[in-house]
Structures are given as C-alpha cells and as structure tokens.
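Q: Would you mind keeping the following structure in view while I ask a few things?
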Amino acid sequence: MSFLQTLVAVSAICILSSAPLIVVADTPQFEGYKVCTKCHDTHEQPWRDTAHAKAFISLKAGSRREAKLKAMLDPDKDYTADPDCLGCHTTGYGKPGGYVDDLPKARARRLIGVGCESCHGPGSVYREIHGDAERRLKLEAVSTDRSVLVAAGQYFDFAEVCAGCHLNYEGSPWKGAEAPFTSFTPEIDTRYAFDFETAIRKDAMHAHFKLYDVFKGQPVPSFREEFQATAEEIE
C-alpha cells in the first residue's frame with residue numbers, strides 16, 4: 001500500500017558505537033515482530049491484544065460478516081491471498097523482507113497482522129543502532145541523535161503511516177489516497193471516519209513504557225510527552 005512508499009528512502013546508514021561513525025550502504029528489511037520482541041518483550045502481549053495484531057484474521061472466510069456485508073464484500077470469501085487487502089493486513093507486504101503469500105509458515109506468522117514494523121518501519125538496520133545506542137548510554141552516558149534512526153529507515157511520521165490504510169478510500173481528504181482503495185469508508189459506517197489524534201489514544205495502540213535518554217533530538221512525536229507521563233516502568 002502507498003503509506004510505505006511515502007516515507008523516507010534510505011541511501012546511507014550510520015552504525016553507532018563509541019568509535020567514529022561508519023557509513024554503510026544498506027536497504028532496511030522487514031523482519032517481523034518476533035525480532036522486535038526479543039528486546040521489547042513487554043510490548044508483545046499488549047500488542048497481541050489489539051485489533052492491529054488480529055488484522056489478518058479478519059480476512060478469513062466468515063470473519064467480520066456484518067462489516068463485510070456493509071462494505072459489499074463477500075463474507076464467505078477468503079481474502080488472505082488478495083493483494084488489495086494484504087498491504088493493510090500484514091507487515092511490509094511486497095517490500096524487502098516483508099510478507100508475501102507463499103512464505104514458509106514460521107516466517108509468515110511473524111509478518112501477519114499490523115506488526116511493530118508497520119508503524120515503526122523495516123527494522124533490520126535500526127535495531128542494531130538501538131542496541132549500540134543503549135550500550136553507548138550505559139558505558140559513556142552519551143545519548144545518540146535520532147536523525148540516524150531516520151536514515152536507518154525508522155518511521156516517525158505516524159499520522160502519515162496510519163492514513164495509508166485508514167484514509168485510503170475514494171474521496172478521502174488524505175492527499176496520498178490511491179488505488180487499491182479500502183472498501184471500509186465513513187459512508188458505510190461512521191466508525192471508519194479516522195482521526196489520528198483520537199485513534200492513538202484508543203486501545204488500537206500497544207501499551208507504552210518509560211523511555212530514557214538513549215536517543216535525543218528530533219524527530220519526536222507530538223504525543224510523546226503526554227504518553228510518557230503515564231507510561232509504565234519496564235521491570
């Protein structure tokens with residue numbers, strides 16, 4: 001879907017350590033939520049409880065019958081191999097390392113649903129930077145600039161990422177809307193009238209945990225301070 005195409009293209013990646021920066025050419029790849037939760041284990045269950053985590057299941061025959069009927073879709077049809085649907089119901093569909101419908105089952109399970117990298121970007125490069133930056137903070141008390149995460153493919157424009165699926169319908173106010181359009185529009189049900197600022201404060205998001213000074217500088221999401229005020233401590 002188009003939301004992945006609208007975000008930053010990567011040409012050079014900065015790999016961080018206490019030594020000078022090394023610039024290497026690389027293309028970030030999607031790896032699946034299980035790679036993320038090796039470190040972010042506290043996020044896994046709160047994410048599993050969200051509708052995002054269950055997005056692929058809704059494509060199966062018999063699932064969400066009433067919603068599909070309203071959208072003029074066949075509720076008895078299996079849409080799990082439909083390319084018009086997979087962009088918003090899997091992680092990284094058609095992108096390097098992302099979901100394709102002939103993946104081995106073990107890898108496919110890591111990429112079905114709207115996973116970590118759907119919102120945060122393909123993680124094969126920036127996950128290494130996260131690890132290096134954490135070690136740098138512990139050893140040297142030095143924070144790492146977030147600009148290197150942007151260069152490494154991490155997303156920070158969450159409103160645009162969300163719009164790529166939730167506002168991608170014909171007649172949408174979102175300027176990036178393009179085919180294939182979603183069938184779930186505000187015209188058939190007002191619950192599909194998506195507002196980013198409202199949506200991020202509902203249970204579609206995973207739980208948030210306290211962040212420390214591993215990274216500094218911009219970009220910082222507008223809601224970060226608000227969410228951090230009530231975020232849980234990681235045990």
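The values are calculated or read from the model by the stated rules, or taken from the named source; none is laboratory data. The model shown is predicted, which means the values in this text are computed figures rather than measured ones. Note: ideal-geometry Cβ built from the backbone for every residue, glycine included; neighbour counts use all protein chains shown.
A quick yes/no check of all residues on (1) at pLDDT below 95; (2) outside any loop (DSSP other than H, G, I, E, B); (3) aromatic (F, W, Y):
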{"residue": "F30", "(1), (2), (3)": "no, no, yes"}
{"residue": "C39", "(1), (2), (3)": "yes, no, no"}
{"residue": "Q45", "(1), (2), (3)": "yes, yes, no"}
{"residue": "A51", "(1), (2), (3)": "yes, no, no"}
{"residue": "S58", "(1), (2), (3)": "no, yes, no"}
{"residue": "G62", "(1), (2), (3)": "no, no, no"}
{"residue": "M72", "(1), (2), (3)": "no, no, no"}
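Q: Right, next: For A141, all conditions in the list (1) surrounded by fewer than 21 Cβ atoms within 10 Å (Cβ to Cβ); (2) within 26 Å of T185 (Cα to Cα); (3) without any contact (Cβ under 8 Å) to a residue 24 or more places away in the chain hold save one; what is the number of the exception?
A: So A141 meets the others, but not (2).
Q: Condition (residue is part of a loop (DSSP other than H, G, I, E, B), farther than 25 Å from A204 by Cα and of a type in the set (K, R)) applied to segment 131-147: is it met by at least one residue?
A: Yes, because at least one residue in segment 131-147 is part of a loop (DSSP other than H, G, I, E, B), farther than 25 Å from A204 by Cα and of a type in the set (K, R).
Q: Still on this structure, please answer the following. Scan segment 177-196 for residues that are not β-branched (V, I, T) and not in a loop (DSSP other than H, G, I, E, B) and jot them down.
A: If the condition is that a residue be not β-branched (V, I, T) and not in a loop (DSSP other than H, G, I, E, B), then R191, Y192, F196 are the ones that fit.
Q: Moving on to the next point. Regarding T230, is this residue of a type in the set (S, T, Y), loosely packed, with under 12 Cβ neighbours inside 10 Å, within 25 Å of T37 (Cα to Cα) and without any contact (Cβ under 8 Å) to a residue 60 or more places away in the chain?
A: Spelling it out, T230 is indeed of a type in the set (S, T, Y), loosely packed, with under 12 Cβ neighbours inside 10 Å, within 25 Å of T37 (Cα to Cα) and without any contact (Cβ under 8 Å) to a residue 60 or more places away in the chain.
Yes or no, residue by residue, for (1) over 20 Å from A199 (Cα atoms); (2) more than 22 Å from the chain's Cα centre (by Cα):
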{"site": "D41", "(1), (2)": "yes, no"}
{"site": "P46", "(1), (2)": "no, no"}
{"site": "T50", "(1), (2)": "no, no"}
{"site": "K54", "(1), (2)": "no, no"}
{"site": "I57", "(1), (2)": "yes, no"}
{"site": "G62", "(1), (2)": "yes, yes"}
{"site": "M72", "(1), (2)": "yes, yes"}
{"site": "P83", "(1), (2)": "yes, no"}
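Q: Only residues that are without any contact (Cβ under 8 Å) to a residue 60 or more places away in the chain and over 18 Å from the mean Cα position of the chain (by Cα): list them for segment 186-213, please. Let's see the steps before the verdict.
A: Within segment 186-213, the subset without any contact (Cβ under 8 Å) to a residue 60 or more places away in the chain is 186-187, 190-202, 208, 210-211.
Those that are without any contact (Cβ under 8 Å) to a residue 60 or more places away in the chain and over 18 Å from the mean Cα position of the chain (by Cα): P186, E187, T190, R191, Y192, A193, K210, L211.
Q: Is it the case, given these coordinates, that A55 is of a type outside the set (S, T, N, Q) and out of contact with any Ser or Thr (no Cβ under 6 Å at 6 or more places or on another chain)? Before you say what the answer is, go through the steps one by one.
A: On the way: of a type outside the set (S, T, N, Q): yes; out of contact with any Ser or Thr (no Cβ under 6 Å at 6 or more places or on another chain): yes.
Criteria met by A55.
Q: Residues of segment 144-173 being of a type in the set (S, T, N, Q) and either without any contact (Cβ under 8 Å) to a residue 60 or more places away in the chain or surrounded by 18 or more Cβ atoms within 10 Å (Cβ to Cβ) (or both), which ones? Let's see the steps before the verdict.
A: Of all residues in segment 144-173, those of a type in the set (S, T, N, Q) come to 144, 147, 154, 168, 172.
Matches in segment 144-173: T144, Q154, N168, S172.
Q: May I ask you to list the residues in segment 110-130 that are among the aliphatic types (A, V, I, L, M), farther than 19 Å from V214 by Cβ and not in a loop (DSSP other than H, G, I, E, B)?
A: Going through segment 110-130, the residues among the aliphatic types (A, V, I, L, M) turn out to be 111-112, 114, 125, 129.
Next cut, farther than 19 Å from V214 by Cβ only: 111-112, 114.
Matches in segment 110-130: L111, I112.
Q: Same structure, new question: Within segment 129-149, is there a residue that is small (G, A, S) and under 21 Å from S118 (Cβ atoms)?
A: no
For (1) at pLDDT below 95; (2) surrounded by 12 or more Cβ atoms within 10 Å (Cβ to Cβ); (3) not in a loop (DSSP other than H, G, I, E, B), each residue gets a yes or a no:
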| site | (1), (2), (3) |
| --- | --- |
| K175 | no, no, no |
| T198 | yes, no, yes |
| A204 | yes, yes, no |
| Y212 | yes, no, no |
